[in-house]
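Here is the structure we will look at, set down as structure tokens.
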Amino acid sequence: MAGKSFFIDTTRCTACRGCQIACKNWNQNKASETKNTGSHQNPPDLDANTYKLVRFSEVEAEGKVAWYFFADQCRHCLIPPCKDAVEGYTAGTVIQDEATGAVVYLEETKKVAAQFEQIRSSCPYDIPRKAADGRLVKCTMCIDRVSNGLQPACVKICPTGAMNFGDREAMTALANERLGKLKEKYPKAQLIDANEVRVIYLVVDDPRKYHKSAIASANPGISRKVVLRRVLKPAQGLLSGWMST
Ligand code: SF4
Ligand code: SF4
């Protein structure tokens, strides 16, 4: 499998949130207005100005309190359901870059602003958000940097080695090597949805203890309405072409 991938080793994350800030900085996204919610996590969720968010969970693990950190972002799915969902309404507004595999939303996603909730629900990880001007937004894999031989901003800034990025083969090898090392101490250690996505997380416990959408929801899919629109649209095109001849 060609293209690029991330490997995010959550055991190395200290929740410094350098990646979150580097992402905002590179994408020139403004700060999100927020307030203290009693958690280290801030803002409370991904939003139109926050493509990357270090999620924070306090859980019980083996009878002790544990803190789990999860640097959430678009997974750049190998077969992205959000692209199918958008294209059910309008073609050519979400591209999947051939060289890297990055799933990139174009400015023209404004055309589907009214269908945002349906598109958001097609994502197994609850990632897309809507900007004030109607664009759908999310992590771009820093396609502008990566296409010029640079690392994504969030990876470049990470001081602990939690964030890694490179050729998919190298990243999957690194992920499996690290998993092998951790398995002895943490029998529940696992790579999340590694064969489906380009952002591979290593966790040491049930992924849902990190975040409810850390692992793909059981039946994300595309709603029946979107599927029907996809099937009917070309058929209607053919029909009107036939009728006009
Ligand atoms: S790859 Fe770029 S856009 Fe995506 S989370 Fe990292 S810094 Fe943000
Ligand atoms: S994680 Fe969600 S937003 Fe990202 S490519 Fe997959 S379906 Fe699309």
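Structure data summary
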item	result
With at most 14 other Cβ atoms within 10 Å, longest stretch of the chain clear of loop trypsin sites (Lys or Arg not before Pro) (DSSP)	36-184
Label zone at HIS40, where the point sits 7 Å out along the Cα-to-Cβ direction: segment 51-84 residues whose backbone N lies under 17 Å	53-61, 64-72
Calculated [θ] (222 nm, deg cm²/dmol) that DSSP helices of n ≥ 4 give over the chain, each run adding -39,500 (n - 2.57)	-8000 deg cm²/dmol
Geometric extent, Cα atoms of segment 1-149 - Rg, Dmax (angstrom)	16.3, 51
Segment 6-84 shape via C-alpha gyration tensor axes, a/c threshold 1.5	oblate
Cβ charges +1 (Lys, Arg) and -1 (Asp, Glu), total dipole of the chain, debye	300 debye
For segment 1-134: lysine pairs under 20 Å (alpha-carbon distance), excluding those fewer than 8 apart on one chain	16
Net charge, ARG178 excluded, C-beta distance under 14 Å - Lys, Arg +1, Asp, Glu -1	+1
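Throughout, read-outs are computed from the coordinates displayed, never taken from laboratory work. Model, not experiment: these values are computed from the prediction. Using ideal geometry, Cβ is built from the backbone for each residue, glycine included, and neighbour counts are taken over all protein chains shown.
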